[in-house]
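Peer 1: Encoded as structure tokens, here's the structure I'll be asking about.
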Amino acid sequence: MSAVAKLNSLPQIKLVVQKGPHSGQRFAFSKSKITIGRSPENDIILVNDPLISRQHAYIQISQNDVEIVNLSVKNPILINNENVNKWKLTHDTVFTIGDSEFLIQIENQQSVVVVVKPPVTESSLQPVKPAKNKLNLAPQNRKATGPQIYSAPPQFQQTMTAPKSKPSEKKIFYIILAVVIAAGLYFFLSDGAGSRTKKNKKPSTLKYSDETAIKLNSQETSDTFSKLEKSAKLKQSSTYLRTEENFSKGMRAFQLGNYANSIELFQVTLTTNSEHILAKRYLYLSKVRFDEIVKAKLSLGQSYFERNNFKLCKSMFQQVIDMLSPKEMLQAQSKDTNLQLARTMLKKCEFAAEGIH
């Protein structure tokens, strides 16, 4: 037995964020373990996605197989809409972590190829004997000449020579009589049913044009036409078009993770149409996602402060202040506790960076 094995260096892993707050970002690695999460210790840091844990998952390469393992208890990993804890990844596999959808590309992936020769035994060298004739119809003595006659067993001879029994004349007469009676009953009953339906059917006094005129002049038809005219005029109005334009812009901002802008656009949509159901729903979701990102940045900034990383500490708290205090939201957020906490911690980080602690 001989074996040929080919095993090269580690394959290059490329990750592309297709959807979510970090859409468009690309990562490339050539290492045996890649960690993913919101914490800065990870190889792939996703701060703007609140549904990703601090240490969410890692991708490991072992024996040229690429596997992803979930480290989070609360937040899952979805592959083909299934929650998985460990999964073998292949080229162009799509998986979702939090609100971020990843596409993985694996390059220079090699596999082990083994060629095994079958063992040589004594039985494989022996010639194959031809099969015997089970029917034994051929004569055993091949030297004999003349025609060979095959004689069937006596039970088959009896069945082949037995004459076929013919049906009796009485049976044929009864069969013909039954067919004639059944046909007479069928025609009699069908003719009676047809005459009854003809007698019960009354001629219609209305023409097609008269029936159409009656339906068009009915109250129900006029109400339906009036509702259709009102909805058509409403869809052609400038207010309706402006409302749908603001709503579409808000949905685009929501999908890109710009929740502050989406909140503003959905509020403008509801001012022109207070009964817009989708605008109400996505306004609520935008506020929830916005608050989650603010809390995540505050927690991350606090961890940087405790580890004396004052540069990143100032950056996190400044981002929170920029998110909570735009010009359009100064009055609404002036008493926000998160905004006050961010300003206080920003000053502490600045003092600590200058040596005043």
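Peer 1: Find which of Asn81, Ser32, Ile97 sits farthest along the positive direction of the dipole of region 11-104, computed with +1 on the beta-carbon of Lys and Arg, -1 on that of Asp and Glu, about the Cα centre.
Peer 2: Ser32
Peer 1: Could you sort Ser39, Ser274 by their accessible area in this structure, using a 1.4 Å probe and putting the largest first? Write down the numbers at each step before the final one.
Peer 2: Details: Ser39 5, Ser274 75 Å².
So, going from the largest accessible area down, we get Ser274, Ser39.
Peer 1: How long are the semi-axes of the equivalent ellipsoid of region 30-77, defined as square roots of 5 times the Cα gyration tensor eigenvalues? Whole Å, largest first.
Peer 2: Numbers: eigenvalues 82, 30, 9 Å².
Equivalent-ellipsoid dimensions as semi-axes: 20, 12, 7 Å.
Peer 1: Greater than 28 Å separation of Cα atoms is the criterion. Which listed pairs, Lys249/Lys295; Lys297/Lys347; Lys19/Lys280; Lys31/Lys88; Lys295/Lys348; Lys14/Lys348, meet it?
Peer 2: Lys14/Lys348
Peer 1: Less than 13 Å Cβ to Cβ from Pro21, Lys/Arg counted +1 and Asp/Glu -1: what total charge do the surrounding residues give? Present the calculation step by step, with values, prior to reporting the outcome.
Peer 2: Details: positive: Lys19, Arg38, Arg289, Lys297; negative: Asp49, Asp99, Glu101, Glu292.
Surrounding charge for Pro21 is 0.
Peer 1: Sticking with this structure for a sec: Within 11 Å, Cβ to Cβ, of Pro50, how many net charges do the neighbouring residues add up to if Lys/Arg are +1 and Asp/Glu are -1? Walk me through the numbers on the way to the answer.
Peer 2: Numbers: positive: Arg38, Arg289, Lys295, Lys297; negative: Asp49, Asp99, Asp291, Glu292.
The answer is 0.
Peer 1: Can you check what the net charge comes to around Gln105, using other residues whose Cβ is under 12 Å from the Cβ of Gln105 (Lys, Arg +1; Asp, Glu -1)? Before the final figure, lay out the partial values.
Peer 2: Values: positive: Lys14, Arg26; negative: Asp92, Glu107.
Around Gln105, the charge tally is 0.
The values are calculated or read from the model by the stated rules, or taken from the named source; none is laboratory data. Quick caveat, the model's predicted, so the values are computed rather than measured. No Cβ is skipped: glycine too gets one built from the backbone with ideal geometry, and neighbour counts run over all protein chains shown. Keep in mind that these areas ignore ligands, DNA and RNA; they rest on the heavy atoms of the full protein, side chains included. Shrake-Rupley method; radii C 1.70, N 1.55, O 1.52, S 1.80 Å.
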